[in-house]
Structure formats: C-alpha cells, structure tokens
Amino acid sequence: MSKKFLLSCTAVAAIVLFGAHTNAQAESLEVSGGEPKEVSNKTYDILHAKDGGKIIGKHLTVIENENTSNNTDIYSVTAEGPNSLIELLDTTIKGINSEISRSLKAKDGGSIKMTGGSISSVSINFENSKSNQNKLEDVTINSQIYTIESNLILKKVTSKSYYCVRGDHNSQITISGGIFDSEAEAIYSTSGSNITLNDNVTVTSDTFGLWARYDNATITMTGGTVKGGKIALSADSRGYIDVTDITLTTDNKGTGAESSYGTINLQNATIKEAVIGLEANYDGVIQMTGGSITVSETGASFENSKSDKNKLENVVITSSSNDSPMSIGVSADKESTVALKNITVKNAEKALFANDNSQMTVTGGSFGGEVQAKQGSTITLNDNVTVTSENNGLHAYGEKAKITMAGGTVKGQKSALLTENAGYIDVTDITLTTDDKGTGAKSIGQNSMIDLHDNTTIKEAVIGLEAKNNGVIQMTGGSITVSGTGASFENNKNDKNKLENVVIASSSNDSPMSVGVSADKESTVALKNITVKNAEKALFANDNSQMTVTGGSFGGEVQAKQGSTITLNDNVIVASENDGLHANGEKAKITMTGGNVNAKETAFVVKDGGQIDIKDIASAKAERNGIRFDDSQNDKTSEINLTNTKLLVENGTGIVSTGSSNGKLNLKDSEIHADTLFTKIISDKKSDSFFTLTAENSLLQGEARNNANGKTTFDLKNNTKWLITTSTKEKDEEGNPLSITQRSRSDVSILNLNDSTIVFDTPTEDHYHTLHIGSGKPDTQAVYNASGDAKISFNVGSVESSDITDQENDRLLIQGDVSGTTIVSVMSDFKDSSNITEAFRPSSNTSGVSLIQVSGKADENSFKLANGYIQETGSPYRYRLTAYGPTSSYGAANETQNLLGENETFWDFRLQKLVLPQVASYLALPNALFYAGFIDMAKQSASLANARATTMGIQDNDKIKGFFLSSYGSIATLSSQQYAYNTNIRYAATQAGFTASAQDGQNTTIYWGLTGTYAQLSLSPKDIEDSEKSTLNKWSVTAYSGIEHNSGFYMDTLFSYGSWKGNISTAIAKNTAKIDDTKMLIASTTIGQKFTMGTKGLTFEPQAQLMYQRLIFNTILDADNLKIDIGEPSQGLARIGGRLTKTVSAKSNRSMSFYGKVDLIKTFGDEDTIQVGDTFSLDPTGTSLEGGVGINAKLSQNFSIHADVSYRQKLQKAGISGADFSAGIRYQF
C-alpha cells in the first residue's frame, strides 16, 4: 500500500468528521450547453453536466443528500451526452456516512476527468463513452470502476473496492501506475475488451487479479505486481493475457496464471506466493519466457492440452518454502504436450511429471525434483539437463512409459533412475547421484528395463544399480561410486542382466561400501572386466544365485551363500579389507582359476558346507587369517582345495577352524606361510568337530593351536614340509598379545608324517617351541604315525641339564602311541660352555635335555639321530639322543622329567651332551705334570738331605764326592671340582746323580751336584665315557747346590729342565693326540734349621720350601680336529713343615737314623685356562697336608742307603691326594 493511499484515506476520514456541518451548506449544480461553469471551494450534493455542458471544479466537496443516498439511479457527478464534460481538481466526493452510493458516471459520449481528490462510493460507471478525455489521475477511490463500450485512462489511481476495474463489451482501458485492491476480480476484461497496464501497477484481489474472458478479451501488462487470492492471471474462453516484467502472487492460496481454452503469454514474469504457478487445461495455452515461479504446489500444469505451443523457456520454478517442496514443477497430463527449454525447477517433489500418454521435451535446464513418465508418456531430456530430487530422479512407471536422456546429471535421493511395471529408461553419458541416500538406477518388475551407455557415472549413492523381480539393468562403461551396494540383482533370473567395463567404488575413502555386485534369490548376472574398489563384499551371490565373472578387479570380499555359485576366470584380482573369498552354506561354491587374492582379514572362508576351489594363484595374501572354517550350525563339512597356490599371512593365522565347524583342507603343490599356521577355536565344550589338513608336496609355515575339544589331523605326505615357527603377533580373543609361553606351543590331535619333514624354526624372543600331538579329542590311540622318510629337525640352545621347564630347546610331546621311525636332526651352535661340567657327568635319565616325550607305545628306534651322534667340527663335545622308557636298554624315564602330565611310564628321548673322551686328559695334564715335578723336587731335595747326613764330621779342606741312584713313584688321584671327575695318576721315576761337598771355612759346608731323571707318567680319567689311559715319558736334568752352617742352618737350591713326550689315548683312538717336546722348568729353594734336642741323637728340623714350575706346550691338533692350546701354565708352591730325626750310632762308622715328617703344602698361581675348542678352566690343587717316615742307614764309610714313604691329602674338593715312596743308595769317596 502506497504512502499516497494512506494520506488519501486520512483526508477522507477528516471530511467525515465534519460531515454534518458541511451538509447544511450543500447545493446542486447543473450545467447544459454554453460556456463552461467554473466553481471552486464549494460544497455540492449534485454536479450534472449534460447536452454539452461543462463544469470545471476546483477544491470542491461533493456530499450526497438524502435523495442521492436512497436512489441508486442517481449519481452525484454525472456527465452525459456528447461533449458533456466534468473536470474536477482536488475534489472530495463522499456520502453522509463517508460513502456515497453512486459517485461518477459518464455516459452516451459524456466525459469525466478528475485529478487529485478522493471518491468514496459504491460505483463509478463509464457507459458508451468512447471519449479519450475519460481519465482519473491521482485519485483515491473506494469505488468500483465499470466500463461498457467505453474508453478510460487511469493514472496513479488508488482504488480499494469490491472489484476495481471491469472492462466490458469492447472497452479500452489504459492503466498507468496506481494501486488496485479488490475483494473480487481486480482487473477484468471481457467480451472483446482490452485493458493495458503500464508503469508498475499494483493489483491486489481476494479472487482474480487479472481476468481475460470471452471473445478475445485481452489484458496486457508491463511491469507492476498482481496478487490474486485465487488466480493472479486468468484467461479462459479465448481470453488472452500478455504480461511482461510483472510479479504475480496469490497470497499462497491460488494460481499465478490459469489458461482454460485461452492463452497466456508471460515474459520475464515473477510468480510467487502461489499454490500453482501456471495452469493450462482444456486446450488452454501457456507460454512463458524468462522469469520465475515460486509456488507451494505446482509450478506449471498442462492437462488435456495437446497444443504444441505450450512452451516454457528460461524460467525458474521454485517452492515457496525452503522447508517444504512443491508437489510438481511442470506437469503434463491426459495427452498433453509441452516443451521446456533451460527451465530451472527448484525444490519439487516432482520436477517434471508426464502422465496418460503425454509428451514432454526438455532441452537443457535444471530440475529440483523427480522427473516421472507414467502410463505411456514420454519425457526426452537433452543438452545436459540437471535433475535433482529428494525422491526419485527419473521415474518411468507403467507400460510404454519412457524416459530418454543424453548428457547431464540426475540426483535422486531415493533413486536417480527408476523403472516400474514395464517402464523403460535409456541414458547415455549422464551422471547419476543420490546425495548418498538412494539408488542410482532401479528396475522393478517384469519388462522393466534400464539401459546405461558409454560413460554414464553413478556417484554419491547408497546403491548404484538395483534390478528386482525380473527387472533388467544393463550397463556398459562408466562408473559407480556408492556407500552401500554397487549393483544389486534380486529375484531376477533374466539373463540380460549384464555389466561390462564398469568401475564400482566406495564413495568414501575411509569407509567401504557394503556390496559391489549382489545377486540374490535365484538371480543371474554376468560381469566382464568389472572393477570394484573398497567394498565390504565386492561380489555377493545368495539363495541359489549365479554369478559369472570374467576378468576384473574386486576390492572387497567375494561371497557365495546358500547354494549360490560364483565363477572367477581370466585372472581376476580380489583385494579385500575384510575376507577374500567366502562360501557359506550347503552347495555354496566359489571357483577361481588364476589371478590373486589379497585380504586384510581372511583370504578364504567356508561355512556350513561351503566349498572353495583355487587353482594356479601365484599370490594369495591375508593379514589376519589365510583360511577360515566358520562355526557350523548344521554339522556340514566345508571344504577348501588349493592347487598350485601360494598363501601368505605374515602377521596372522594361516588356517582357523572355529566353533563346531567340520573342515577339510586339501593342498597340492601349494604353500601356506603364516605367523600362526593353524588355530582351532571352540567355545562349546560339548563340540566334537573335526578338521583335516591333507598336504601333498606342499610347504606349511607357522605354529598350530588346537582346542581341547578339537579333533585336528595333519596328514603330511609326498615331500611336504612343515616349518613350525613361534608367532610374534598372536593375540587372545580380547585382542591382547599372548605371552611368549603361549605363543611357543603348537597342538594337533593326530599327525601323519609320510615322506615329509617337520622343522622347528629358530627361537623367538629366546623361547623355543613345543609341538603337542594327541591334544584335543583324537579318535585313535596312534596319534603320531611316521612312514617312509619321515624327519623332524629341532633347535637346541643348550644341552646342559637344567630344570625340565627351563631347558632351551624345541620339544615334541606325544600323548598317545607312536608308530614308525623318525629321523631327528638338531640345529644348534652348541654354545653352551657356561656349564662345561655337564659334559663330564655320566649320562642319566635327567641329564641333557628332553626333545621328545611319548605317553604311549614307542621304542628306542622311534626317534633317532641319522648317524647315532652329533659332533661339530672343532667342538670338544658330542651329542647323543638317548631313549629312556619302559623297555629301553638305557633304563626308564625319570618321572620328574614328565611333561605329559599322565602316567609315570613314558618315553623320554633326551639329547645329551658328552665331552669327547680326550678332553678330560687334556684338562688333567697340566696338574698331573706339576704333581710329577713336585715329586721330582721332593726326592731330589731328599737326596741333598741324605748327602748332608752322610758327610757329617767332614774335616777342614776335606772334599767328599759321591754317586747315588734311587727310584721312586707315586699313586695319586687328581680331583676336579669344576668338572666333577677324577683322574688316576701313576708316576714312576729313576734318578742318578753325583754330589760333592767341601768345607768352606770352619763353620760352613758347601754342597753341589747334578741329577738326571727318567720318568713315566700315566693318567686315566674316570667316569668319562670312552676315556683311556694315556702315557707320557720325561727326561730331565737337575742342578743343585746347598750350604750348611755348623749351627744347623742350611739352604738348598735346585734348578731343573725337562721334556715330556707321549700320546693321549681314548678307547676310540689310541693315538688321539701326540704330546711332543713339552718343556718343563722348575726352580726350588729350601731352608731349614737343625735343633738338637735334650735326648741324645734326637734332632728337630723345621723347613720351608718355595718352588716354581712352568710348562711350555706346543699347539696340538688331535684326531677329531680339535685344536688344543694349553699354552704355558705355571704353578707356585710353598711347603712349611719339619721332621724329627732319631740317630742311632753304631760301631765302625756305621749309623742309622729314623725320621718322621709333616708338611703343609699350598699351591698358587695355577688358575689357568686352556683352549680345547672351548675355554676350560684348570682346577687349582690348593692346600694339602703331607706326612711321612723315612730311614737313612750308613753301612760303611762310603756306602749308605735310604728309604721314604709319605702320603698327601688334599684339604678341599679339588686337588691331589696320594702316596709316594722312594728308595736309593749312595756311594761316596
């Protein structure tokens, strides 16, 4: 409503307030012919010009009187007759009660011209007045304007009335500007009349805004706005409306423009706030170019309108609500025809709707709603049409309903394309989307069909293609990008269903689609060179469906279920984030030849009788499981067959059998590499399911984990190899890593090993592996059966005896009977010198390590080493597999070693470490030689003592010389604390030499001499298997000197050099090692003091001796290629003691003395090591106590004899204990 209109209404109200006063002064003015009558500033109740009369009034007030108020035939202002004229300026026309009944009337050639002012009345009439002077300008009117065969100009008129302007019977009305507000039709042209509206007229009606009716009645409008409560524009019965640049509204109640057997042409019009924008029916025609339509229901409706003139171009049709769509954008019904060019429809339930054999041709444009052809109708879309719908995009429903589209895009949130009840859609090079909510193309029902050609793209959809109930979909080329299913075929046996050269992908890089291609309920589909990317199930066939696949790549699980079959040929590639191939249900089968499979979960899965046949696959990989037999509900046996196929599961399980599943896995010329080879998972303790692995000329890698209730059989034959590894990745059911103890155990119920090999892989995390046979519920007592060339290879870290649970080696534990013979080999570096003592102990049923235990029947030959012993070149040890058991020649097994947890009578095959027999001799040799050196020095010191005794009473300057010859020997035992064995030593020697003595002054006597010795030493290690006595010979020379004072003090010094030669022998080889030219150096000093006791002839002689010995060995290489490096061991010795001597004098220079002695001997500096293929420490001989008795007898001036016997006792575990004796003669001169 304009400002001027508001001001006018205010003026009228003011006049009404003073009505009673002004009415008293009103008068009538009637003019006929003659000069114009000019009046101003007066009040009248009647103005009447007739017969050519003219009234010119300014600033007048016309107020009805009682007569004009009650008489409907009387007008307050009337101009009648030719050339009659009333011209008013700023005049107010009103009634007693503010409204006059009849205000203006021009008739029969009379004219009324009014500028400014206001009219408050019921009616303004122009009848049979063709005058061009009929004009109202800037007038505010509360009256109806009605013209009959008249001309009228309205300029800037403000009108509010029941109806505003009505042109009848060929009237001509020109309206420039102004506002027209009515209850009924605002502007009405009928019966050949013509109304022209310009300059932005505003029309408002509670019913019709502009209405052209009957006999070519015309309304033309340029600019402005029209509001019609029912219809803004209406042309019927050959009426015609032409509007340009106008705005049409209906206050959200009616239709913007309706043509019923009329014509409406709109140029750049805006229709809004309407229920229906355009409506053409009963052969009515609507054409609209440019502009927009905003409605709540239908943008443009064509019903029973066959005219080929129906056309919309460059029009935007929009819903009046952002939250609620209009029903239809453009509708053609009941054999209607319409052409659309570059039309935009926004927010419609149906953007285009053709029904009942209608035709719609669409060129370009954008459509925000479903495009539907129904019941024989055809919609043709060209030039890159865009369709966007919250329902279906293109929808062909019913027989012969057809939609054809070339280029462009279609978005339908339910389905981009939909055919039902024999509808047909054919699209080429288009893009289909569903805003990630619906289906790209759906065909439902018999004879329904969708053809997608060339580079059609489906994206942002939940389902790409869906054919149900024998509907057909064919797609060649292009791509499908979805979140749910790429292509679905359900209850569809039609063999026309085919996809070729199509790429199907998930719409999310982070989330896979559910299914790439699905065939369900006895459906059939053929796929050729299809690519599926990022799907949970790339292919899914269910309920007796058939899927034939030729070539292609599939990024997701391939699953056949419930009697369905999937055949994969021509090097199909399957890459899945879940399972690879999955056959579920009886007669469900997948056959694959060539290609490869890569799965994040499981490569091959079967359940409830499903079967998978794989052949010639060079690479099948999985991250979690290679093969899985899922829990069965019907006790059916599932089966997988691999031929010439390689399966790799680096971080997972090769084979998983779950729940109550019964499974058979057959391998031929195939390989399975896995972190865990096999796992049986059963939660139901009552389950008695079985699993059988048959492998022929195949390779298996990984551990096996059987369930306590499982029946698992491994049948390995014809050069099959099982490499048992310890898992590094295995987790429990809650995803927590298993401990290394759990991971280093394998279990199977029955193992048949025929011409095949089991190899334990190297330890993991310093833990070795244990294979349990007979676990679970085997159905036979003979759980381990070896035949042909059966082999098992174990890893052993140490063969040292230890607690049974701490031993470092692989194990085979068999709970049941054993048949056949298995050759055992051991892989070890045998670096177990940390406890060398182990090798020296006699073998027992607890020594060594337990490799194999059997709870049932077995014999000594059930498991054996290939050559009886294992000996590493250059090693000082050898290893033997010893069988302890109920009937073993080695004796029974020790019950403390039992790992089977069953009866006490079991077989224990133990790998025992034995030292090579010569090693014990090598270790005893240095101390044995040192002992011999000590005996030599002791006897030669005794010779000096005898020399002193026989030269007693020498005179000044006398010199005494003498020769002596003596023999001595020793029997001793050398005990090793470190190695827990003893060595018997036999030593015998003969020495000959001379001595000389002379007086040096009055109180001192000097002694010197030289001795030569030949000796033989034998040493015999005890309790060392295959040890033997070894013999060495010694030649030595000793120079000595001494000095004695008359006070009884003396000091003796000896220096010796010797050489040893001989052989180290064993029971196996008499000359195992040659000891050649081993040098020995000895130095000894003894001091003593003789004290005469109170008893005649009794003396006490305390002594102290220091001795140093050194051996010099050459490096020795023995018969077993042992390199022996004894080096240059040395030993120091301290002896402190004394002897008590009783001398008995006889006649004629004869005397005899008896003595007893006690000495404490301490060795030091002899903690050396030697190298004998390993580092061995020498036991120090430590401290010992020696006691003995002897006799010296001087038989004549020149001849004497002596004899001695003593015993030496070690004072600790290691050392030497033994007796020695000597006897000799001396001749002096």
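None of the figures in this text is laboratory data; all of them are computed from the coordinates on show. Please read all numbers here as calculations on a predicted model, not as lab measurements. With ideal geometry, Cβ positions are generated from the backbone for all residues, glycine too; neighbour counts draw on all protein chains shown.
Less than 5 angstrom separates the built amide H of residue 31 from those of 48, 49, 50, all sequence-distant by 5 or more or on a different chain.
Measuring r between the beta carbons of residue 1085 and residue 1004 and using R0 = 22 Å, the FRET efficiency lands at 0.80. One equal scatterer on each Cα of region 454-498, no solvent, Debye formula: the resulting log10 I(q)/I(0) at q = 0.15, 0.20, 0.24, 0.25 Å⁻¹ is -0.37, -0.63, -0.84, -0.88. What is the P(r) of the chain, as percent of Cα-Cα pairs per 10 Å bin from 0? Percent of pairs per bin, in order: 2, 8, 10, 9, 8, 7, 7, 7, 6, 6, 5, 5, 4, 4, 3, 3, 2, 2, 1, 1, 0, 0. Taken over the Cα atoms of region 1163-1229, the convex hull encloses 137 Å³ per residue. Distances between placed amide hydrogens fall under 5 Å for residue 185 paired with 208, all partners being 5 or more residues away or on another chain. Reducing region 199-217 and region 928-946 to their Cα centroids gives an inter-centroid distance of 151 Å. Across region 1090-1134, the convex hull enclosing all Cα atoms gives 109 Å³ per residue. Relative contact order of region 366-446, taken over Cα pairs closer than 8 Å and 6 or more residues apart, is 28 percent. Highest mean first, the peptides 387-396, 1040-1049, 740-749 sorted by other C-beta atoms within 10 Å per residue fall in the order 387-396, 740-749, 1040-1049.
Taking label positions 7 Å along the Cα-Cβ direction at both residue 896 and residue 169, the computed distance is 13.8 nm, reported to one decimal.
Here region 349-507 has an Rg and Dmax of 13.5, 39 Å, counting Cα atoms alone. May I ask for the angle, rounded to the nearest 10°, between helix 917-950 and the longest principal axis of the chain, with both axes built from Cα atoms and the value confined to 0 to 90°? The answer is roughly 30 degrees.
Please compute the net charge surrounding residue 641, taking Lys and Arg as +1 and Asp and Glu as -1 over other residues with Cβ under 13 Å from its Cβ.
-1
Could you state the angle between the C-alpha long axis of helix 3-17 and the longest principal axis of the C-alpha atoms of the chain, as a value from 0 to 90 degrees rounded to the nearest 10? Helix 3-17 sits at roughly 50 degrees to that axis. Which log10 I(q)/I(0) values, to two decimals, does region 589-874 give at q = 0.11, 0.15 Å⁻¹ under the Debye formula with one point per Cα? Normalising to I(0) and taking log10 leaves -0.63, -1.13.
Summing charges over neighbours of residue 1159, with a neighbour being any other residue whose Cβ is under 9 Å away from its Cβ, gives +3 when K and R count +1 and D and E count -1.
This model, with +1 at the C-beta of Lys and Arg and -1 at the C-beta of Asp and Glu, gives region 589-874 a dipole about its Cα centre of some 720 debye. Computed extension gain for residue 728 through residue 1154, at 0.36 nm per residue and net of the alpha carbon distance, reaches 145.3 nm. Under the convention that each Lys and Arg Cβ holds +1 and each Asp and Glu Cβ holds -1, the size of the dipole of the chain around its Cα centre is about 5340 debye. Could you tell me the center-to-center distance, by alpha carbons, between region 366-411 and region 268-334 in angstrom? Region 366-411 and region 268-334 have Cα centres spaced 17 Å from each other. Remark: relative contact order (region 917-1228) = 15 percent; criterion is Cα-Cα distance under 8 angstrom and separation of 6 or more residues.
Rounded to the nearest Hz, the phi-derived 3J(HN,Hα) couplings of region 500-511 under the Karplus curve 6.51 cos²θ - 1.76 cosθ + 1.60 (θ = phi - 60°) are 9, 6, 10, 9, 10, 9, 6, 6, 10, 5, 8, 10, where x marks glycine and proline. A simple count of charges around residue 594, restricted to other residues whose Cβ falls under 11 Å of its Cβ and scoring Lys, Arg +1 and Asp, Glu -1, yields -1. Couplings 3J(HN,Hα) for region 402-407, derived from phi with the Karplus relation 6.51 cos²θ - 1.76 cosθ + 1.60 (θ = phi - 60°), are 9, 10, 10, 9, 10, x Hz, where x marks Gly and Pro.
Here region 917-1228 is assigned +1 on the Cβ of each Lys and Arg and -1 on the Cβ of each Asp and Glu. Its dipole about the Cα centre then comes out at about 1340 debye.
Projecting the Cα atoms of 742, 1196, 862 onto the charge dipole of the chain (Cβ charges, centred on the Cα centre) puts 1196 farthest toward the positive pole. In terms of overall dimensions, the C-alpha atoms belonging to region 917-1228 reach 65, 33, 28 Å along their principal axes, ordered largest to smallest. For region 544-552, 3J(HN,Hα) computed residue by residue from phi via the Karplus equation (6.51, -1.76, 1.60; θ = phi - 60°) reads 6, 8, 10, 9, 10, 10, 10, x, x Hz, glycine and proline entered as x. The Cα atoms of region 507-616 cover 35, 29, 26 Å along the three principal axes, with the biggest extent listed first. Amide H to amide H distances under 5 Å link residue 603 with 580, 625, 626, 627, where only residues 5 or more positions off or on other chains count and H is placed in the peptide plane.
Each Cα pair under 8 Å and six or more residues apart adds its sequence gap; the mean of these over the residue count of the chain is a relative contact order of 3 percent.
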